[in-house]
Amino acid sequence: MALLDVLSGGRVNWGAGRGFARVEFENFGVPPEESTSRFHETVEIVLRAWTQEKLSFAGTHFNFEDVEVLPKPMQRPHPPVWMAAGSDTAIDWAAGRGFSILLSPHDSPREIGQKRLTYAERLAAAGFSIAGRDLPVARLVAIADTAAKAAEVARRGAQWIVDSYFGAQHRPVGVPDPAAAGVDPVERYLDDVILHGTPEAVLEQIIGLRQEIGLDYLLAAPLSHQSFMLLTEKIVPRLP
């Protein structure tokens, strides 16, 4: 990452996330219950490797003594940092360190709005400001020439998400089961998470997110090739 920052003239942003798929932890021989403490240590190790002439670190899981890591990044003290933060505890930790955050792509706009407020409060309490920060919000997007076609694409995407992220084979670590609230998880994605419809309808939804939650940075994940083409050709040029 440091080499890429040098080669790009200081244009790298670094983002990190703990992960939650239990099968991934198990396949790498990492106890899932250690995931949070390991993640916190590794973030600290990366930042020290970038900012110290020689890295020394003594933790619960990792120990290094006078390790020289080269090259150093061009940006000082290090590239901008984002942390994936879906829970209140993750938001508290990131805000306490002054990190920017990427909120969960599985939350509804109401949930995202509340978490952004929580983040701003925690930042201020730690002596940092939210001013000037980009806070990306990831949204799945399904766009077609009719609302019915877009809804069909969105439903397929929602079913894939539910099967892939919340299936019994994954048993996510620290992620609530979307069916636990008694709501069909596929319908929840269709109603509250995925942006879908005609180009005009999705444009209105994006503008609505700006007004509702202060959206300033959209990470769009199109669910079809047509969705991608319509997003770039019919919506992006019209965004105010």
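No value in this document is a laboratory result; all are computed from the given coordinates. In this text, all values refer to a predicted model and were calculated from it rather than measured experimentally. All Cβ positions, even for glycine, are placed from backbone atoms using ideal geometry, and neighbour counts span all protein chains on display.
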### Message
Using only Cα atoms and rounding to the nearest 10 degrees, what angle (0 to 90) does helix 109-125 make with the longest principal axis of the chain?
### Response
30
### Task
Quote to one decimal, in nm, the extra length available between GLU204 and MET1 on full extension: 0.36 nm per residue of separation minus the C-alpha distance between them.
69.3 nm
### Amide N proximity, region 59-102 versus SER129 label position 7 Å along Cα-to-Cβ, cut-off under 16 Å
98-100
### Query
For the residue pair LEU219 and VAL30, what label-to-label distance in nm results when each label sits 7 Å from Cα along the Cα-to-beta-carbon direction?
1.7
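Using the crude model of +1 on Lys and Arg Cβ and -1 on Asp and Glu Cβ, and no other charge, please compute the dipole size for region 28-141 relative to its Cα centre, in debye to 20. Can you show the working numbers first?
On the way: 12 positive and 14 negative charges, 102 e Å.
Roughly 500 debye for region 28-141.
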### Message
Can you give me the C-alpha center-to-center distance between region 114-146 and region 9-56, rounded to a whole angstrom?
### Response
22
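Could you calculate the contour length gain from ASN63 to ALA16, that is, 0.36 nm times the residue separation minus the distance between their Cα atoms, to one decimal place in nm?
Details: separation 47, 0.36 × 47 = 16.92 nm, distance 2.04 nm.
Result for the pair: 14.9 nm of gain on full extension.
When the helices in the chain are scored as -39500 (n - 2.57) per DSSP H run of 4 or longer and the sum is shared across all residues, what 222 nm value do you end up with, to the nearest 500 deg cm²/dmol? Please list the in-between numbers first.
Working: 9 runs with 101 residues, N = 240.
Calculated at 222 nm, the ellipticity per residue is -13000 deg cm²/dmol.
Within the chain, what is the longest stretch that has no trypsin sites (Lys or Arg not before Pro) placed in a DSSP loop and near at most 15 other beta-carbon atoms within 10 Å?
Details: sites that count: ARG11, LYS54.
Counting only loop sites that pass the neighbour cut-off, the longest clear stretch is 55-240.
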### Summary
For the chain the mean separation of alpha carbon contacts under 8 Å (6+ apart) over residue count, i.e. relative contact order in percent, is 20
#### Entry: Lys, Arg +1 and Asp, Glu -1 on Cβ, resulting dipole of the chain about Cα centre, debye, nearest 20
500
### Message
Could you identify which residue out of PRO185, PRO31, PRO222 has the top mean-square fluctuation in a GNM of the chain using Cα springs shorter than 10 Å?
### Response
PRO31
### Query
Hey, if you put +1 on the Cβ of every Lys and Arg and -1 on every Asp and Glu Cβ in the chain, which of SER104, VAL23, ALA49 ends up farthest toward the positive end of that dipole?
ALA49
### Message
For the chain, take the longest principal axis of its alpha carbons; what is the angle in degrees between that and the long axis of helix 35-51, to the nearest 10 within 0 to 90?
### Response
60
### Query
Between the helical axis of 199-213 and the dominant principal axis of the chain, each derived from Cα atoms, what acute angle in degrees is found, rounded to the nearest 10?
50
### Query
Say R0 is 30 Å: what FRET efficiency, to the nearest 0.05, do GLN211 and ALA147 get from their beta-carbon distance?
0.90
## Note on the structure
Reviewing (1) 1.13; (2) 1.18; (3) 0.99, the figure for Cα Rg over 2.2 N^0.38 Å actually calculated from this model sits under (1)
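Can you tally the net charge around GLN75? Count Lys and Arg as +1, Asp and Glu as -1, for every other residue whose Cβ sits under 12 Å from the Cβ of GLN75. Show your work: numbers first, answer last.
Details: positive: ARG11, LYS72, ARG76; negative: ASP5.
Once all neighbours under 12 Å are counted, the net charge is +2.
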### Query
In a GNM of the chain with a 10 Å cut-off on Cα contacts, which of ALA85, ALA147, ALA58 has the highest mean-square fluctuation?
ALA58
